[in-house]
Amino acid sequence: MRTVLVSMPFMDIDRPSIQLGLLTAIGAEHGFAVRTLHANLDLAARVGVDDYVRLAGHRSRLVGEWLFSVEAFGASAPDPSGTLLESPELPLPPERLRHIRDHEVPAFLDALLLAEPWHEVDVVGFSSTYQQNAASFALARRLKQRYPGIVTLFGGANFDGEMGPELVRSVDCVDLAVVGEADTAFPAVLRALADGTDPAAVPGVVCRAGGAVSATPPAPPHDRLDELPAPDYTEYFDRLAALDLPRDTGWIPFESARGCWWGAKHHCTFCGLNGSTMAFRSKSPDRVRTELALLARRHRSFRFAAVDNILDPTYLTTLVPALADDGYQLFYEVKANLTRAQVRLLARAGVTHLQPGLESLSTNVLRLMRKGVRAAQNVNLLRWARYYGVDVAWSILCGFPGECETDYAGQALAAPHLVHLQPPASVDRIWLERFSPLFTTIPRRTPEASYRLVYPSTVDLDRMAYFFDYDLPDALPDSAYESLRDAVSAWNTAWHTATLTYRSTPGFVQIFDNRSPDGRGTYTFEGPLADLYLACVDRPTTASAVRAKLGLTWPVEAVEEAFGEFGRRGLMFLDGNLAVALALPAVPGR
């Protein structure tokens, strides 16, 4: 079965699709001729990289889906006149968006039909996540019209759970869909089609049969990740070069684990990832290193981004120390409770970028999220990431049931003391995502409004939407977050030049404060006060623990009073009974 796997807009262009790369390699292992088509690159070359990046990064409205709606659904498209363009939140000017929809998108699809030998193809597969549905349907619709013998196969996060069956039912250019992981289902579907047997019998496959939708339950999630081949990204890099798009700023995706070990125990309330595949599985350290070495040689790059939802904690004593000898530049998602030693270890292994899921600097809000960390731990991670030169991607989330205005007022008051650390990118209300715990506990919800401007009325949006608008009783007004937003804006302005460092010897510490142009100065502490401060440098600790560690004769209340004074001067972050020093060592890299 001659097969083409397609990644349509609006997938990011700075990395290939690991879904396509992995399934291509799996298909080859099973003897099938499978190739890929990163068509998202073609649209980026056509509309311009800057415009494409803005469209791909826009999440507040389904603008990317809307751009392809008319081509995907024809006369059934619900918004030919462009009501969506009246939205105040658009990534590009309305006239530019209308031109892309009416001219660039049809030309892009026409070019794809002419550039590929589709008459030689038996199966076209589409991997769809976030805003890739409408573009995928648009190409599939044209292919089915011109080459009715082609079988279209869909999969990806947009087809998980009940979303897949609903899209198979309501979108006639979708022949088959895989719900869940496709490692075993994909080659099994190709084998069934090649042998003339019914692919509907393959676990995880959904299809239409006699006017109804047939769905076979998925197989258990694949748990022998070492047996999977390395992904093949050859076509992506060839296409990047042919289109003269930049490649030196991108990342090569790799997979060392699936699922989420934390979510399997305490699913974060707002997270909709891992809808049907939460069980955590990871590759052996030797397998990960072998795969990275193969991909580095094949694609002439040492920049790798792990697609894992969370770092396997056992890697901190196995894989990560070994990577220190290999020279990679790595991105990983981690849990925020890393120690100083662990951040140092990651930095020495080449981890230059982390996404630690900080989400808040309020312990009460973190508890409502079920994050399993306290605000002081989040601050401590920011401290040691800054010290060891690790970039941290994070934002502050708000809008949780049970939160209080004081949760955000406290963060706003703390922010000026943290401006020497990397700030959050934004302060945003949570999105209500399908598969998240909040999705099941907030009864008053409707599909996000822009879905109605993309999908025909024949699509049951309650079953296929991933993002939802919601009405939360007792929700805080937007004004409750304004002081924090202002403080974060000031933080983003200040942090590149702000410093707070210390030098010390037993019984003596000097702290150099350059966080504010109007408040530069040096603090000097001696004796027990110096020792007390230094006892809180490595990690958050309590007054009683510091008293015991230092053998102080002071009562615990006196230690707490000293903590309070350090906090008032902005030299410590206080979080209930925890205190953590904010100054970083003046000597780098230790």
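The values are calculated or read from the model by the stated rules, or taken from the named source; none is laboratory data. Note that the structure is a prediction, hence the values are computed from the model and not measured. Here the Cβ is made from the backbone with ideal geometry for all residues, glycine too, and neighbour counts use every protein chain on show.
For the stretch 162-191, which residues satisfy the criterion of being of a type in the set (Gly, Ala, Ser) and over 21 Å from Met11 (Cα atoms)?
Ser170, Ala185, Ala188
Kindly indicate whether Glu71 is more than 22 Å from the chain's Cα centre (by Cα) and of a type in the set (Asp, Glu).
Answer is yes for this residue.
Only one residue in Leu5, Leu67 is of a type in the set (A, V, I, L, M), crowded, with 23+ Cβ neighbours inside 10 Å and touching a Lys or Arg at 6+ places or on another chain (Cβ under 6 Å). Which one?
Leu67
Taking the stretch 372-407, which residues are touching a strand residue (DSSP E or B) at 6+ places or on another chain (Cβ under 8 Å) and under 19 Å from Leu472 (Cβ atoms)?
Ile396, Leu397, Cys398, Gly399
List the pairs whose first member sits in the stretch 551-562 and is in contact (Cβ under 8 Å) with a residue 12 or more places away in the chain, whose second member is of a type in the set (Gly, Ala, Ser) and exposed (fewer than 15 other Cβ atoms within 10 Å of the Cβ), and whose Cβ atoms are under 7 Å apart, counting only residues at least 6 apart or on separate chains?
Between residues of the stretch 551-562 that are in contact (Cβ under 8 Å) with a residue 12 or more places away in the chain and residues that are of a type in the set (Gly, Ala, Ser) and exposed (fewer than 15 other Cβ atoms within 10 Å of the Cβ), the close pairs are Val556/Ser544.
Condition test on Asp460, is it charged (D, E, K, R), more than 29 Å from Ala409 (Cβ to Cβ) and not assigned by TED's automatic domain parsing to the domain that holds Thr83?
yes
Say we look at the stretch 116-142 and pick out the residues that are loosely packed, with under 15 Cβ neighbours inside 10 Å and without any contact (Cβ under 8 Å) to a residue 60 or more places away in the chain; which of these is farthest from the chain's Cα centre (by Cα)?
Among them, the one singled out is His119.
Please determine whether any residue of the stretch 345-356 is surrounded by 23 or more Cβ atoms within 10 Å (Cβ to Cβ), of a type in the set (D, E, K, R) and in the same structural domain as Ala480 (by TED's automatic domain parsing).
No - not one qualifying residue is present in the stretch 345-356.
The rows are residues; the columns are (1) of a type in the set (A, V, I, L, M); (2) outside the structural domain of Leu381 (by TED's automatic domain parsing).
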residue	(1), (2)
Leu484	yes, no
Thr505	no, yes
Val537	yes, yes
Trp554	no, yes
Phe573	no, yes
Gly576	no, yes
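Which fully enclosed strands (runs of 3 or more DSSP E) of the stretch 145-225 have 1 or more residues being closer than 21 Å to Leu5 by Cβ, small (Gly, Ala, Ser) and touching a residue at least 24 places away in the same chain (Cβ under 8 Å)?
151-155, 176-178
At least 1 residues that are touching a Gly at 6+ places or on another chain (Cβ under 6 Å) in each: list the strands (runs of 3 or more DSSP E) lying fully within the stretch 268-363 that qualify.
Once the strands (runs of 3 or more DSSP E) in the stretch 268-363 are filtered for at least 1 residues that are touching a Gly at 6+ places or on another chain (Cβ under 6 Å), what remains is 329-333.
Residues to consider are Thr458, Thr440, Thr446; find the one that is within 30 Å of Gln131 (Cα to Cα), under 23 Å from the mean Cα position of the chain (by Cα) and among the polar types (S, T, N, Q).
Just a single option satisfies the conditions, and that option is Thr440.
How about the stretch 230-255: which of its residues are out of contact with any Leu (no Cβ under 7 Å at 6 or more places or on another chain) and surrounded by fewer than 17 Cβ atoms within 10 Å (Cβ to Cβ)?
If the condition is that a residue be out of contact with any Leu (no Cβ under 7 Å at 6 or more places or on another chain) and surrounded by fewer than 17 Cβ atoms within 10 Å (Cβ to Cβ), then Thr234, Asp238, Ala241, Ala242, Asp244, Pro246, Asp248, Thr249 are the ones that fit.
Select from the stretch 358-371 the residues that are more than 16 Å from Arg539 (Cβ to Cβ) and surrounded by fewer than 22 Cβ atoms within 10 Å (Cβ to Cβ) and write down the one among them that is nearest to the chain's Cα centre (by Cα).
Step by step, filter the stretch 358-371, then rank; the result is Arg370.
Among the residues of the stretch 577-588, what is the count of those that are touching a helix residue (DSSP H, G or I) at 6+ places or on another chain (Cβ under 9 Å) and either surrounded by fewer than 19 Cβ atoms within 10 Å (Cβ to Cβ) or assigned to a strand (DSSP E or B) (or both)?
8
Would you check if there is a residue in the stretch 63-82 being acidic (Asp, Glu) and assigned to a loop (DSSP other than H, G, I, E, B)?
Yes, some residue in the stretch 63-82 is acidic (Asp, Glu) and assigned to a loop (DSSP other than H, G, I, E, B).
In the list Leu92, Leu112, which residue meets the criterion of being among the aliphatic types (A, V, I, L, M) and touching a His at 6+ places or on another chain (Cβ under 9 Å)?
After ruling out the rest, the residue left standing is Leu92.
Among the listed residues Val546, Val459, identify the single one that is more than 20 Å from Leu584 (Cα to Cα) and touching a Phe, Trp or Tyr at 6+ places or on another chain (Cβ under 9 Å).
Val459
Looking at the stretch 547-576 only, could you name the residues that are crowded, with 18+ Cβ neighbours inside 10 Å and closer than 30 Å to Ser516 by Cα?
Val559, Glu560, Ala562, Phe563, Phe566, Gly570, Leu571, Met572, Phe573, Leu574, Asp575
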